[in-house]
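Read the structure below first, then the notes.
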Amino acid sequence: MGTSEVHVLSASGVLPGPQIDNAALARRFGMPAAFEQWIDAFVGTSGRHLVVDLESGQATATLADLAAQAGAEALRSAGLGPQDVDLLVMATATPDKLMPATVTMVADRLGIDQVPAYQLQSGCTGAVQALQVAEGLLRCADHRTALVIGGDVCAKHLDVGLDLAAMPPGQLVNVVLFGDGAGAAVLGTRPGPGSAVLRRTLVRLVGLGRAPAQTVEWFGLADRLADLPAGSEDYKAIEQHVPGMADEVFAELLDELDWKKSEVDYLLPPQLSGTMTRRITERLSVSGAREISCVAETGNTANALPFFQLERLLPRMVEGDRAVGVTIESSKWIKAGFALEKQ
């Protein structure tokens, strides 16, 4: 048993705590006013939400907390409950533990059991990878409803005692670029109120022979004292390669769907940073398409961001509208995208 169409029934996003703007970040770490100006100009992100209290360094929430809330809200928006879920897929680069998988803890909190559950470990493209896995299983298996979740809590790697003034740019950018959050979408084999058809998902690994531009370390007992930063980023490589990769994904999606640029009503560009998103949107040059972006206010929440975009998109779409989303992952270079159409 299978289905010819998969529908996005609802989407939801969750952010922890109050927004932390650039001025508050600069004050907390004793940075000069020029630091705030640098974030505004170089990164283009005005705020972010974190699961860590910057004063005490204590965690206020886990990924499972945020993901369970996002999943519950997405199910509620779709008019469904945990008993209706036939399949659960989650994407994250920052699981709460290596074992048990965070997806299993989220399922337990939501009251979901006796269904296939998958956790994908990936960065910014993980959300599309999760959508693709769920879409494929809904099309070819005897499943009717899938809950797809994406989220990251990058602040778990943040040391509130850091001397930011002494940090190299590749580490400093990680402090200001990322935020925490989780999002979810409900996919179904039948349409619902406000739903849109998921016309295509695309995922391409393009990292053969290319050095990673972003790394996040995991430390065990044997190497916990290693002199390595928890995370680092080659932002120049990202600036160089991401816009072109976004262009490639967008063009490939349109070609597969036989859509013209002029037929795209909504563009969901990669949400790496406010500045990078502006550059990519300008390069894609989809005149007439309305942009759905949120990274300037939320920070880069990685696997949560496409769900934040979907949450904003779905209520705006009317019959005949078409939307294209693009995500790029710089860790070992993955490009991905998806397309929706309102019937």
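The values are calculated or read from the model by the stated rules, or taken from the named source; none is laboratory data. Treat the numbers as computed from the prediction; the structure is a model and nothing was measured. Quick reminder, even Gly has a Cβ in these numbers, built from the backbone with ideal geometry, and neighbours come from all protein chains shown.
Some notes on this structure:
- Residues (surrounded by fewer than 16 Cβ atoms within 10 Å (Cβ to Cβ) and closer than 15 Å to Asp65 by Cα) located in the range 110-155: Gly111
- Annotation: Glu282 fulfils all but one of (1) crowded, with 23+ Cβ neighbours inside 10 Å; (2) of a type outside the set (A, V, I, L, M, F, W, C); (3) farther than 27 Å from Ala72 by Cα; the unmet one is (1).
- Here the range 223-271 is the region considered, the condition is being among the aromatic types (Phe, Trp, Tyr) and closer than 27 Å to Arg322 by Cα, and the residue that is surrounded by the fewest Cβ atoms within 10 Å (Cβ to Cβ) is Trp259.
- Selection status of Val318, modelled with pLDDT under 95 and hydrophobic (A, V, I, L, M, F, W, C): no
- Scan of the range 220-259 for residues that are under 16 Å from Arg279 (Cα atoms) and either touching an Asp or Glu at 6+ places or on another chain (Cβ under 7 Å) or not assigned by TED's automatic domain parsing to the domain that holds Lys335 (or both), ordered by number: none
- When the range 281-312 is filtered for residues that are under 15 Å from Ala246 (Cα atoms), in contact (Cβ under 8 Å) with a residue 40 or more places away in the chain and assigned to a strand (DSSP E or B), nothing remains.
- Selection within the range 254-280: residues that are assigned to a strand (DSSP E or B) and in contact with a Lys or Arg (Cβ under 8 Å, 6 or more places away or on another chain). The member of this set that is nearest to Val173 (Cα to Cα) is Leu267.
- Only residues that are touching a strand residue (DSSP E or B) at 6+ places or on another chain (Cβ under 7 Å) and not small (Gly, Ala, Ser) were counted across the range 218-233, and they come to 1.
- Glu36 vs. criteria without any contact (Cβ under 8 Å) to a residue 60 or more places away in the chain and more than 21 Å from the chain's Cα centre (by Cα): yes
- Single residue of Thr215, Thr201 found to be farther than 23 Å from Gly136 by Cα, under 18 Å from the mean Cα position of the chain (by Cα) and not in a loop (DSSP other than H, G, I, E, B): Thr215
- Any hit, the range 45-65, residues being surrounded by 14 or more Cβ atoms within 10 Å (Cβ to Cβ), in a strand (DSSP E or B) and not hydrophobic (A, V, I, L, M, F, W, C): yes
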